[in-house]
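The structure appears right after this line, and notes come after that.
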Amino acid sequence: MITLKSKSPELMPSYATAASAAADLRAASELVIPAGQRGKVPTGVWIDKVDWDAVPVGMIPELQVRARSGLAFKQGIMLTNGVGTVDADYPDEICVLLFNSSSEPFVIQKGDRVAQITLNLVQRIPGLDAGGKRSGGFGSTGV
C-alpha cells in the first residue's frame with residue numbers, strides 16, 4: 001500500500017531475517033554526532049506512492065521509525081523523538097533523528113543501519129477535524 005523509492009539500491013530498507021518485523025534504514029551519508037548532541041540522518045528513502053484503494057476505510061497508513069536496540073545498548077544511541085511517525089502524505093526524504101547519550105562522538109558511515117521502519121495501519125479518531133495539505137515535515141504543521 002506504500003511504495004518506497006531510494007536514491008540508490010543499497011539504501012533501500014531491508015529485512016535482516018525472514019522473521020524480522022521491521023526493515024533496517026541506512027544512512028545516506030557520513031555524519032558525526034558529538035557526545036550529548038543530536039543529529040538528523042538522511043536515509044535517501046522517501047514515499048513514492050500510496051495505493052489508497054488498498055487502505056481500509058477509516059484507516060491511515062503510517063511508517064513508524066524505531067530505534068535499533070543494539071545501537072541503544074552498545075553505543076547509547078536513541079531516537080530523539082522516541083518513535084517517529086512518517087505520515088502517508090510526507091513528501092520529503094525520510095530522516096532519522098538520533099541522540100547520542102554517550103560520552104564519545106558517534107561516527108556514522110554511509111550505509112550504516114541507523115534505525116528500523118515498519119508499516120502500520122492507524123485508525124483515525126472519530127469526530128476530529130482533519131487539517132489542510134502538508135507542506136513539509138519536522139514541525140511544518142506547527143510546533
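The values are calculated or read from the model by the stated rules, or taken from the named source; none is laboratory data. Bear in mind the structure is a predicted one, so any value in this text is a computation, not a measurement. No Cβ is skipped: glycine too gets one built from the backbone with ideal geometry, and neighbour counts run over all protein chains shown.
Observations
- Among residues of the stretch 108-135, those that are under 14 Å from GLY39 (Cα atoms) and either among the small types (Gly, Ala, Ser) or surrounded by 11 or more Cβ atoms within 10 Å (Cβ to Cβ) (or both), counted: 3
Conditions (1) under 16 Å from the mean Cα position of the chain (by Cα); (2) within 19 Å of LYS110 (Cβ to Cβ); (3) surrounded by 12 or more Cβ atoms within 10 Å (Cβ to Cβ), marked per residue:
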position	(1), (2), (3)
GLU10	no, yes, yes
ALA16	no, yes, no
LYS40	yes, yes, yes
TRP46	yes, yes, yes
ASP53	no, no, no
GLU62	yes, no, yes
ALA67	yes, no, yes
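- Only a single criterion out of (1) at pLDDT below 95; (2) surrounded by 15 or more Cβ atoms within 10 Å (Cβ to Cβ) is not satisfied by ILE2, namely (1).
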